[in-house]
1. With all pairs of different alpha carbon atoms counted, what Kirkwood hydrodynamic radius in Å does the chain show?
2. Per-residue counts of other Cβ atoms within 10 Å, averaged by peptide: what ranking do you get for 442-454, 247-259, highest first?
3. Quick one: VAL25, VAL386, fewest Cβ neighbours within 10 Å first, how do they rank?
4. Which trypsin sites (Lys or Arg not before Pro) from the stretch 302-386 combine a DSSP loop assignment with at most 12 other Cβ atoms within 10 Å?
5. Tell me, what HN-Hα J-couplings in whole Hz come from the Karplus equation 6.51 cos²θ - 1.76 cosθ + 1.60 at θ = phi - 60° for each residue of the stretch 147-155, using x for Gly and Pro?
6. At a 10 angstrom cut-off on C-beta neighbours, averaged per residue, how do the peptides 237-245, 184-192, 197-205, 47-55 rank from highest to lowest?
7. Using alpha-carbon pairs under 8 Å, 6+ residues apart, how would you state the relative contact order of the stretch 4-345 in percent?
8. Read phi for every residue in the stretch 112-125 and hand back ³J(HN,Hα) as whole Hz from Karplus 6.51 cos²θ - 1.76 cosθ + 1.60, θ = phi - 60°, with x for Gly and Pro.
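Every read-out reported here was derived from the displayed coordinates using simple, explicitly stated rules and does not represent laboratory data. Everything numeric here is computed off the predicted structure, so don't read it as measured data. For neighbour counting, all protein chains shown are included, and Cβ atoms are generated from backbone atoms with ideal geometry for every residue, glycine included.
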Amino acid sequence: MQDDFNYNFSGETKPKHKVWHLLIVSSLIFGMFFGSGNLIFPIHLGQLSGNNWFPAALGFAVSGSLFPLLAILAVVVTKSDGLYDLARPVGKYYAAIFLVLVHLTIGPFFGTPRTAAMAYEMAAKPFLPAKFNTVGMFLFTALFFGLAYILTVHQSQLLKYVGKYLNTIFLILLAIIFVVAFLKPMGGLNHMPTSAYQTNPSVNGLLEGYNTIDAVALLALSVTFVHAVRGLGYKDKEMSRLTAKAGSLSISLEILVYFGLVLLGAFSLNKMKLSANGGDALSSIVSYYFGNFGTAFLGVLVTLGVFTTAMGLVASFSQDFHKLFPKVSYLEWLRVTTFLSFIVANAGLDNIIAWSLPVLMLLYPLSLALILTSLTVHAKPYAGVVYKMTIAFTILPAIFDMLNASPAAVTNLTFVKLALRYYHQYIPLANLGLGWVTLTLAGFVLGLVVGKLSNFASVNTTVESRD
């Protein structure tokens with residue numbers, strides 16, 4: 001019998017293979033996008049939101065789960081072969097620039113280095129003397145990205161390594177924590193939320209979900225899981241159907257995990273104080289239940305979670321950049337992204353997170369605008385007008401949201417202060433970090449009107465010329 005990962009189809013796929021492929025592709029998608037942020041941010045959210053944990057978790061699920069699901073569906077319905085294809089209706093130059101920005105952000109400049117930095121913080125740093133911290137970080141990240149490079153050299157093996165093995169082990173370890181913690185919870189949920197979560201907990205939870213990078217990441221990772229499904233022998237409608245089902249299954253599992261993690265964070269306030277970040281909170285919770293063994297246990301859990309994400313990120317970066325710049329091979333791009341990620345990772349986790357949020361606040365609105373248009377008008381004859389108009393109306397508020405989330409060195413500049421004051425005063429929802437919503441919808445509606453009118457005029461002109 002052929003290997004399941006190179007199964008070639010002749011005719012109809014057997015039901016048992018369909019179920020197996022669905023589970024494996026779902027595991028691949030989950031493993032690629034569920035990384036360090038998906039573990040630490042919902043835990044901290046639970047502590048911050050206290051007895052308002054449920055509306056906060058709902059908001060987090062929207063930006064951390066619903067948006068990524070829509071990203072997968074956008075890729076499926078447009079039959080895109082990557083991020084460039086998805087953004088191409090806006091214009092080829094925009095598509096190229098957007099692809100580069102997204103991949104650099106979730107790739108070697110922020111997202112991929114964060115995976116290694118988080119793994120080091122949780123798996124190696126607790127066992128090393130402080131004086132060896134710099135050397136330890138260097139050696140750990142070199143090994144981390146060296147192994148990621150080796151395991152992604154052959155693109156066809158990604159489904160096997162991530163979908164079948166690594167992510168399965170990760171989910172088993174995470175399930176152990178949930179079973180132990182929920183059988184013996186730390187206490188009740190009647191804790192006062194922090195000031196930000198006393199009002200608008202859902203909105204703050206939604207903005208916290210931005211930090212997972214998932215909606216942006218899944219647009220970029222699309223090239224990898226589309227290639228994986230195609231490698232199983234699926235084509236056209238069957239491939240789209242399997243990808244949609246697998247994406248929905250993986251996102252559904254993610255929502256359950258998110259709510260479980262938020263609950264763990266909320267429960268923990270009975271035994272410990274509010275932590276500085278989700279990493280500290282998760283470490284304290286695991287140590288409470290598993291003692292000294294918990295540190296090593298958590299290190300393995302986090303490393304598995306972030307390593308599968310790192311593999312997906314370096315592979316998708318190399319695949320998309322090879323498509324955009326075909327003269328440079330996949331293998332050469334793989335070397336570039338793993339080396340750059342290694343260099344940036346040694347800047348430290350705090351610096352990576354501090355500078356990644358502003359860029360995410362820029363890319364998230366642009367990604368969601370692209371998802372909206374892809375899901376609604378991609379097949380219309382006037383689609384190009386709607387794409388262009390929607391993105392044009394989204395760029396400005398996205399830039400303002402980026403400036404607003406920037407470090408003090410940027411926000412304290414006089415012209416930035418003035419611009420942000422007018423932005424928050426005159427644009428609805430801008431003070432909540434959602435100023436792009438109304439402008440994006442306005443651009444979308446205006447694009448529909450202009451597109452339909454121009455299409456109507458074009459059709460009438462064609463009819464009259466025939467007459």
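1. Details: mean 1/r = 0.0433 Å⁻¹.
23.1 Å is the Kirkwood radius here.
2. Sorting 442-454, 247-259 by mean packing, highest first, produces 247-259, 442-454.
3. On the way: VAL25 24, VAL386 27.
Arranged by neighbour count, lowest to highest, VAL25, VAL386 become VAL25, VAL386.
4. LYS327
5. With the stated coefficients, the stretch 147-155 comes to 5, 4, 5, 4, 7, 10, 4, 9, 4 Hz.
6. Result, highest mean first: 47-55, 197-205, 237-245, 184-192.
7. 43
8. So the Karplus estimates, Gly and Pro as x, are 5, x, 4, 4, 5, 4, 5, 4, 5, 4, 9, 9, 10, 4 Hz.
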